Amino acid sequence: MVERAMVLAAGLGVRMRPLTDSHPKALIELHGITLLDRALAKCRAAGVSSIVVNSHYKAEMIHSHVAAMGDVVLSPEYDLLETGGGVCKALPWLGSQPFYVLNCDSVWNDKSPPILERLSEAWRDNKMDGLLLLQPTENAVGYDGAGDFSIDATGRMRRRAEGEAAPLVFMGVQLLHPRLFEGCIVARYSMNCLYNRALTAGRLFGLVHDGDWFHVGTPEGLAVTERLMRADGSDE
């Protein structure tokens, strides 16, 4: 069982304005539940006992929100570190075993077994440094991009080339081993730098989600997600 996780909550939330003029994106509500609380609930339901939450924009609001949560450790970023640097900074709290990393705005519905459990079951330590959760672009609610990856029958991934379309989009949910960060320093860089290194080594894999995923990145996307979840009764 995976015991530790990180929820990425330090982003500026530029695309979510004007909602993020007064709140960090992590504390925007969807059906009365903050995006951060939804991500934390997914981790806890999977048996995670310790969760790191990073913060930067309107950090004091996030700190106040989680202050009474005994299973949450804060990782403040006084200078924004992006995804790669943010996780690297949190490594001392994440331990020596594989850990989940979730974007705070990744909203999905589970089937059985839940997707975090599926990620854990699919993990192969001798083959993998990272296992990313992917959604078919045709079933990604609110997403209109060209996709990110394709995968082969073994789960190994290939990144979309310039000018191509790819059938799968990264959902912002992943299971990572600390060795993925070998040689990395705490600085500002994207996880894509580490993905590319793992892709070259043949150690980055993907798992296709079998449920709904909602692209919640703008006020319009949030409204569409609320409407669809209310219509089909799929909210938690």
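The values are calculated or read from the model by the stated rules, or taken from the named source; none is laboratory data. Please read all numbers here as calculations on a predicted model, not as lab measurements. FYI the Cβ positions are ideal-geometry reconstructions off the backbone, even for glycines, and counts take in every protein chain you see. For the accessible areas, the whole protein counts, side chains as well, though only heavy atoms, and no ligand, DNA or RNA atoms are used. Shrake-Rupley method; radii C 1.70, N 1.55, O 1.52, S 1.80 Å.
Mind listing the long-range amide H neighbours of D210? Cut-off is under 5 Å, sequence gap 5 or more, other chains count too, H placed in the peptide plane at 1.01 Å from N.
Placed amide hydrogens put nothing under 5 Å from D210.
Go through A165, M128, G11 and say which Cα lies farthest out towards the positive end of the charge dipole of the chain; charges sit on Cβ, +1 for Lys and Arg, -1 for Asp and Glu.
M128
When a/c reaches 1.5 or more, the comparison of a/b and b/c decides; with that in mind, is region 9-60 rounded, prolate or oblate per its Cα gyration tensor?
Numbers: a/c = 3.04, a/b = 1.67, b/c = 1.83.
Note, shape of region 9-60 comes out oblate.
Among residues other than H215 whose Cβ falls under 15 Å from its Cβ, what is the net charge (Lys/Arg +1, Asp/Glu -1)?
-3
Do me a favour and compute the ellipsoid semi-axes for region 126-212 from its Cα gyration tensor, root of five times each eigenvalue, largest one first, whole Å.
22, 14, 13
Using Cα pairs under 8 angstrom and six or more residues apart, how large is the relative contact order of the chain, in percent? Before the final figure, lay out each step's value.
Values: 452 pairs, mean separation 58.9, N = 236.
Computed value for the chain: 25 percent relative contact order.
Give me a comma-separated list of calculated 3J(HN,Hα) values for region 185-192, in order, Karplus coefficients 6.51, -1.76, 1.60 applied at θ = phi - 60°, integers in Hz, x for any Gly or Pro.
10, 7, 7, 8, 7, 8, 4, 4
Leaving ligands, DNA and RNA out of it, rank Y78, Y57, Y189, Y100 by accessible area with a 1.4 Å probe, largest first. Intermediate values should be presented prior to the final figure.
Working: Y78 190, Y57 55, Y189 35, Y100 5 Å².
Sorted by accessible area, descending: Y78, Y57, Y189, Y100.
Could you tell me the extents of region 63-102's C-alpha atoms along the three principal axes, largest first, rounded to whole Å?
Cα spread of region 63-102 along its principal axes, largest to smallest: 26, 26, 17 Å.
Translational diffusion coefficient of the chain at 4 °C, 1.567 mPa s, Stokes-Einstein with Kirkwood Rh over Cα pairs, in µm²/s as a whole number.
Taking Rh from Cα pairs, D becomes 72 µm²/s.
Can you list residues from other chains, or at least 5 along the same chain, whose modelled amide H is less than 5 Å from the amide H of V73?
Here the answer is I51, V52, V53, since their amide H atoms fall under 5 Å of that of V73.
In whole Hz, what ³J(HN,Hα) sequence does region 113-122 give by Karplus (6.51, -1.76, 1.60; θ = phi - 60°), x for Gly and Pro?
Couplings: x, x, 5, 5, 5, 5, 4, 4, 5, 7 Hz.
State the antiparallel share, in %, of DSSP beta bridges confined to the chain, rounding to the nearest 5.
DSSP beta bridges in the chain are roughly 50 percent antiparallel.
If we count every other residue with Cβ under 13 angstrom of L199's Cβ, Lys/Arg +1 and Asp/Glu -1, where does the sum land? The partial results should precede the final answer.
On the way: positive: R156, R158, R159, R160, R197, R203; negative: D129, D148, D152.
Neighbourhood net charge equals +3.
Considering every pair of different Cα atoms, what Kirkwood radius, in Å, is found for region 36-109?
This gives a value of 13.0 Å.
Please list, in order along region 77-89, the HN-Hα scalar couplings obtained from phi with the Karplus expression 6.51 cos²θ - 1.76 cosθ + 1.60 (θ = phi - 60°), rounded to whole Hz, x for Gly and Pro.
Here the 3J(HN,Hα) series is 10, 6, 10, 5, 9, 6, 5, x, x, x, 5, 4, 4 Hz.
May I ask for the distance between the Cα centers of region 1-67 and region 191-212, given as a whole number of Å?
For region 1-67 versus region 191-212, the Cα centre distance is 23 Å.
Let me spell out the model: positive unit charges on the Cβ of Lys and Arg, negative unit charges on the Cβ of Asp and Glu, origin at the Cα centre of region 1-93. What dipole size does that give, in debye rounded to 20?
Dipole of region 1-93, to the nearest 20 debye: 220 debye.
Mind putting a number on the dipole of the chain about its Cα centre? Charges go on the C-beta only, +1 for Lys and Arg and -1 for Asp and Glu, and I need it in Debye to the nearest 20.
The calculated dipole for the chain is roughly 560 debye.
What distance in nm separates the two pseudo spin-label positions at L80 and T154, each 7 Å out from Cα along the beta-carbon direction?
Distance between label points: 3.8 nm.
Using the Cβ atoms and a cut-off under 13 Å, what net charge is assigned to the surroundings of R158, where Lys and Arg are +1 and Asp and Glu are -1?
0
Less than 12 Å apart at the alpha-carbon level, and either on another chain or at least 8 residues along: which aspartates and glutamates does that give for K89?
Cα-Cα hits under 12 Å: E77, D79.
Going by amide H atoms built from the backbone, whose H comes under 5 Å of the H on V141, apart from near neighbours?
It is W213, H215, by chain and number.
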